[in-house]
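The values are calculated or read from the model by the stated rules, or taken from the named source; none is laboratory data. As the structure is a computational prediction, the values presented were derived from the model and not from experiment. Note that we place each Cβ from the backbone using ideal geometry, even for glycine, and neighbour counts take in every protein chain shown. We work out accessible area using only protein heavy atoms, side chains counted, and drop any ligands, DNA or RNA first. Shrake-Rupley method; radii C 1.70, N 1.55, O 1.52, S 1.80 Å.
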Amino acid sequence: MTAHPEIDESQLPERLEALPGIELIRRATAGMPAYLVGGAVRDLLLGLERADIDIAVESEVRPLAEALGGQMVEHDRFETAAVAVDDHEIDIARARAEEYERPGALPTVSPATIHEDLARRDFTINAMAVPLAGETELLDPHGGADDLRAGVLRVLHDLSFADDPTRALRAARYSARMDLGLDANTARLLRETDLATVSQDRITAELARIAGERHAARALELISEWGLLDLGTGPRLAAALERLFESSADWNEFASRDTAILLAVAPGEHPQRLRGRAAKLARHSPPASPAEIQVLAQDHVPEVLAIARVAGAPWLDEFVNRLRHVELEISGYDLVEAGVPQGPAIGRGLNAALAAKLDGRAAGHEDELRIALEAAR
Ligand code: ATP
């Protein structure tokens with residue numbers, strides 16, 4: 001658990017003035033009841049840079065979005081808008097209260113004050129705001145700054161995870177990212193949380209956000225530890241994937257780290273089938289030749305190969321580092337010109353030539369063509 005005794009609210013005015021994009025936002029929000037909120041305030045207190053700026057307004061969203069200019073995507077249901085202007089991503093939301101009719105369902109929302117809006121948030125460290133007009137003061141009705149100083153993650157009320165169980169997955173993400181400990185009551189509530197009411201898509205969306213984190217594997221481990229989801233060997237695979245992508249430029253170029261980590265844990269039949277393919281490759285006895293590696297690797301998406309690599313197929317490094325770059329000097333046209341009919345025979349010929357080249361049995365154009373024609377006929 002990492003505490004932050006250095007957090008000092010009196011630094012807020014200075015940090016707010018230094019926030020990239022603040023002038024633009026101030027100009028656009030002039031005369032509106034607007035606030036910096038949520039993660040943006042938390043990270044300002046921590047002195048961390050972040051990609052997006054979250055703003056809440058106690059009025060309609062569109063006038064502010066338009067005043068900011070730039071590209072806007074509006075979402076009606078929650079009265080939110082995302083604006084990209086210059087290099088800034090600005091998320092605007094109308095301050096709202098939420099009502100949960102049943103666990104796991106999306107809430108019914110209604111316009112509200114900033115204080116009501118803070119009260120519907122997930123954790124105390126995310127339930128702070130700073131007004132953008134007038135004096136720069138921290139609105140912190142739930143003790144978020146103290147919790148951040150102590151390194152503690154705490155829900156605002158006992159029904160928080162029952163209302164929205166995806167918050168439990170968010171808890172793992174924040175806990176791993178900032179090395180936060182759980183307040184005792186929050187820990188108890190977490191263990192009682194039932195994710196069964198949440199759709200697979202929403203779970204996958206939360207897992208995808210986790211996969212994009214630097215400490216993704218730690219967050220996944222916490223999800224298992226807290227009994228939220230049965231992720232099987234997923235967290236261990238994720239940890240190994242983190243190490244693989246940290247240490248290999250070739251793997252980074254070849255496959256997506258975040259997608260591979262998501263694939264290691266995502267629910268649903270399709271991811272499961274892909275993991276099955278990776279496990280099968282990992283169990284395969286080490287191939288005897290480069291051509292055999294090529295044959296085993298070629299039909300899989302890169303992220304399946306990444307999982308197979310960390311699950312027990314180190315020979316896939318050879319494919320990623322070298323074999324995948326090997327190209328034939330001949331093409332299908334050469335075979336057609338030599339009289340091979342269009343169709344599967346072309347592929348068969350080219351595959352044979354590639355296998356020979358990978359194994360060092362074809363030294364140039366002529367060798368490749370000869371071997372390809374033999375296999376095609
Ligand atoms: P990050 O630092 O990863 O961008 P964030 O804290 O900005 O995280 P977002 O998911 O962008 O998180 O949400 C912005 C804010 O909205 C959060 O800080 C939190 O106050 C609130 N929030 C988001 N999702 C929920 C939720 N499921 N329940 C309650 N409050 C939420």
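Here is how the numbers come out for the structure above:
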read-out: Hey, residue 214 over 18 Å from residue 164 (Cβ atoms), of a type in the set (D, E, K, R) and surrounded by fewer than 13 Cβ atoms within 10 Å (Cβ to Cβ) or not; value: yes
read-out: Residue in segment 124-174 that is farthest from the ligand (Cβ to nearest atom), counting only those that are of a type in the set (S, T, N, Q) and farther than 19 Å from residue 188 by Cβ; value: 136
read-out: Single residue of 186, 193 found to be open to solvent by less than 10 Å² (accessible area, probe 1.4 Å), of a type in the set (S, T, N, Q) and farther than 21 Å from residue 233 by Cα; value: 186
read-out: Matching residues, segment 332-360, being of a type outside the set (D, E, K, R), part of a helix (DSSP H, G or I) and out of contact with any Leu (no Cβ under 9 Å at 6 or more places or on another chain); value: 333, 336, 344, 347, 351, 352, 355, 356
read-out: Residue in segment 157-168 that is surrounded by 17 or more Cβ atoms within 10 Å (Cβ to Cβ), in contact (Cβ under 8 Å) with a residue 60 or more places away in the chain and basic (Lys, Arg) present; value: no
read-out: Number of the exception - residue 97 against (1) open to solvent by less than 30 Å² (accessible area, probe 1.4 Å); (2) over 30 Å from residue 157 (Cα atoms); (3) not polar (S, T, N, Q); value: (2)
read-out: Boolean, residue 345 is out of contact with any Pro (no Cβ under 9 Å at 6 or more places or on another chain) and outside the structural domain of residue 292 (by TED's automatic domain parsing); value: yes
read-out: Filter result (open to solvent by 50 Å² or more (accessible area, probe 1.4 Å), in a helix (DSSP H, G or I) and either at positive phi or in contact (Cβ under 8 Å) with a residue 24 or more places away in the chain (or both)) within segment 288-310; value: 295, 309
read-out: Number of the exception - residue 136 against (1) within 14 Å of residue 35 (Cβ to Cβ); (2) modelled with pLDDT of 95 or more; value: (2)
read-out: Flag for residue 209 being within 18 Å of residue 224 (Cβ to Cβ), open to solvent by 10 Å² or more (accessible area, probe 1.4 Å), free of Cβ contacts under 8 Å to residues at least 60 places away in the same chain and within 13 Å of the ligand (Cβ to nearest atom); value: yes
read-out: Every residue from segment 83-93 that is open to solvent by less than 50 Å² (accessible area, probe 1.4 Å) and either of a type in the set (Val, Ile, Thr) or closer than 18 Å to residue 117 by Cα (or both); value: 83, 85, 90, 92, 93
read-out: Search result, residues across segment 112-123 that are touching a Lys or Arg at 6+ places or on another chain (Cβ under 9 Å), more than 10 Å from the ligand (Cβ to nearest atom) and outside any loop (DSSP other than H, G, I, E, B); value: 116
read-out: Identity of the residue in segment 71-80, more than 14 Å from the ligand (Cβ to nearest atom) and in a strand (DSSP E or B), that ends up modelled with the highest pLDDT; value: 73
